[in-house]
1. Within the stretch 107-130, count every residue that is part of a loop (DSSP other than H, G, I, E, B) and surrounded by fewer than 17 Cβ atoms within 10 Å (Cβ to Cβ).
2. Look through the stretch 92-106, keep the residues that are farther than 22 Å from SER153 by Cβ and surrounded by 11 or more Cβ atoms within 10 Å (Cβ to Cβ), and return whichever of them is modelled with the lowest pLDDT.
3. Please find, within the stretch 132-166, the residue that is surrounded by the fewest Cβ atoms within 10 Å (Cβ to Cβ) out of those that are in contact with a helix residue (DSSP H, G or I) (Cβ under 7 Å, 6 or more places away or on another chain) and within 16 Å of SER105 (Cβ to Cβ).
4. Just to be sure, is GLN33 out of contact with any Cys (no Cβ under 7 Å at 6 or more places or on another chain), modelled with pLDDT of 90 or more and within 30 Å of TRP131 (Cβ to Cβ)?
5. Name every residue in the stretch 36-55 that is outside any helix (DSSP H, G or I) and more than 13 Å from ASP9 (Cα to Cα), in order of residue number.
6. When you check ILE140 against the structure, is it in a helix (DSSP H, G or I), farther than 20 Å from ALA59 by Cβ and either in contact (Cβ under 8 Å) with a residue 60 or more places away in the chain or assigned by TED's automatic domain parsing to the domain that holds ARG156 (or both), yes or no?
7. Would you please list the contacts, defined by Cβ atoms under 7 Å and residues six or more apart or on different chains, that run from a residue in the stretch 6-21 that is farther than 13 Å from LEU54 by Cβ and polar (S, T, N, Q) to a residue that is modelled with pLDDT under 80 and part of a loop (DSSP other than H, G, I, E, B)?
8. Before we move on, is THR28 at pLDDT below 90 and not in a strand (DSSP E or B)?
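The values are calculated or read from the model by the stated rules, or taken from the named source; none is laboratory data. On a predicted model such as this, the values are computed, not experimentally measured, just so you know. Here the Cβ positions follow ideal geometry from the backbone for every residue, glycine too, while neighbour counts run over all protein chains shown.
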Amino acid sequence: MLFHLTTDDYIRAINEQRPAETDAGGSTFTSEQELHALAKEWPMKRLVAIWNRLPGVPAVARFTDRKTAIARIWRAIQPATEADRHSARPRHSKAQPRPVFREGSKAAQVYTLLCRPEGATLHEIRKQAGWQAHTVRGFISRNLSKQSCKVRSFEREGERVYRLKT
């Protein structure tokens, strides 16, 4: 299998019989060793960005070392075998069920804001839902924290920010 790394750090699998058009700045590789050779001079932040753009993987803030990062990326992009598709054990067994909110409701809108990688400021949530600050905090405590959703709260540029941990 041939893989193409785009200039925006997305990895695509390319069918070798019908090569897809690739952008000029991208790179291709077919093995973990080739990926190691490509990535030996890259900053670790780029490996984190590549990992976080892979579908279906939990986002990370950093890797312990380059070898671990490349090995994890390589395993994640491998196509699933027939045995993997039919195994009784799910691939990510620690995945928490997503809370269910009525589509279009204020709760669903707030949940969508909190799922963004950058999170949402208290002001953004209040503006979107039309809630008071204490209502936002109550929603997070009552509806998310008690449904096993991990919510991270921190300050960014003097403003309170909330984000769901993945």
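1. 4
2. ALA95
3. Among residues in the stretch 132-166 that are in contact with a helix residue (DSSP H, G or I) (Cβ under 7 Å, 6 or more places away or on another chain) and within 16 Å of SER105 (Cβ to Cβ), the one surrounded by the fewest Cβ atoms within 10 Å (Cβ to Cβ) is ASN143.
4. So GLN33 fails the test.
5. LYS40, GLU41
6. So ILE140 does not fit the description; no.
7. THR7/ASP23; THR7/GLY25; THR7/GLY26
8. No: the conditions fail for THR28.
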